[in-house]
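The values are calculated or read from the model by the stated rules, or taken from the named source; none is laboratory data. Given the structure is predicted, the values throughout are model-derived calculations rather than measurements. Cβ coordinates were reconstructed from backbone atoms using ideal geometry, including for glycine residues, and neighbour counts include every protein chain displayed.
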Amino acid sequence: MTPLLILLLVVLLAGLGGLVYYQFGDQLTGMFSSSTGTDTTAPQITNVVASADNTSATITWSTDELASTQVEYGPTAALGTLTILADDPASGTSAGVLSHSLELTGLTSGTTYHYKVMSKDVAGNEAVSEDETFTAGSSSE
């Protein structure tokens, strides 16, 4: 009698599984699918702040999604110096970050520097901030 009960239980569970799949199969497949559509929206950059001393500056900002960290800066609006790309989720070695911070070194005290921050999400969508400035040897926000 025990093998018969086990067989009935298996048939019942298989039937219920089929019924659940019939009713909710598309939703279940969508929940477990790795493809959720194409991301075409760049991260939103907010709270960009520069804090400078005589020969260095720390640039911080936030993004609304996990993204890379990079700054381009220079003594003119043409910029010119690009920092190393950090926390890049497209590289597969980092998930990216929401709070970004980079230190710029070797600055000249009293010099005004222009900079832009850049963040790229895992899909490769890049956001670039407006041109900002700070003066080495002081603090600006």
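Things worth noting here:
- Matching residues, segment 36-67, being in contact (Cβ under 8 Å) with a residue 24 or more places away in the chain and in a loop (DSSP other than H, G, I, E, B): Thr38, Asp39, Thr40, Thr41, Ala42, Pro43, Gln44, Asp53, Asn54, Thr55
- The criterion of at least 1 residues that are surrounded by 17 or more Cβ atoms within 10 Å (Cβ to Cβ) and either among the aromatic types (Phe, Trp, Tyr) or free of Cβ contacts under 8 Å to residues at least 24 places away in the same chain (or both) is met by the following strands (runs of 3 or more DSSP E) wholly inside segment 71-141: 112-120, 132-135.
- Among the residues of segment 75-124, those identified as of a type in the set (S, T, N, Q) and under 15 Å from Val48 (Cβ atoms) are Thr83, Ser99, Ser101, Ser119.
- Any hit, segment 87-103, residues being within 23 Å of Gly137 (Cβ to Cβ), in contact with a strand residue (DSSP E or B) (Cβ under 8 Å, 6 or more places away or on another chain) and hydrophobic (A, V, I, L, M, F, W, C): yes
- Counting residues in segment 25-39 that are loosely packed, with under 13 Cβ neighbours inside 10 Å and at pLDDT 95 or above gives zero.
- Condition check for Ala77: touching a His at 6+ places or on another chain (Cβ under 7 Å) and either at pLDDT below 90 or farther than 20 Å from Gly137 by Cα (or both): yes
- Qualifying positions in segment 58-69 - within 18 Å of the chain's Cα centre (by Cα) and within 24 Å of Gly137 (Cβ to Cβ): Ile59, Thr60, Trp61
- Of the numbered criteria (1) farther than 13 Å from Ile59 by Cα; (2) over 19 Å from the mean Cα position of the chain (by Cα), the one Asp88 fails is (2).
- Scan of segment 49-66 for residues that are among the hydrophobic types (A, V, I, L, M, F, W, C) and under 17 Å from Leu82 (Cα atoms), ordered by number: Ala50, Ala57, Ile59, Trp61
- Within segment 40-63, the set of residues being modelled with pLDDT under 95, loosely packed, with under 15 Cβ neighbours inside 10 Å and within 25 Å of Gly92 (Cβ to Cβ) comprises Thr40, Thr41.
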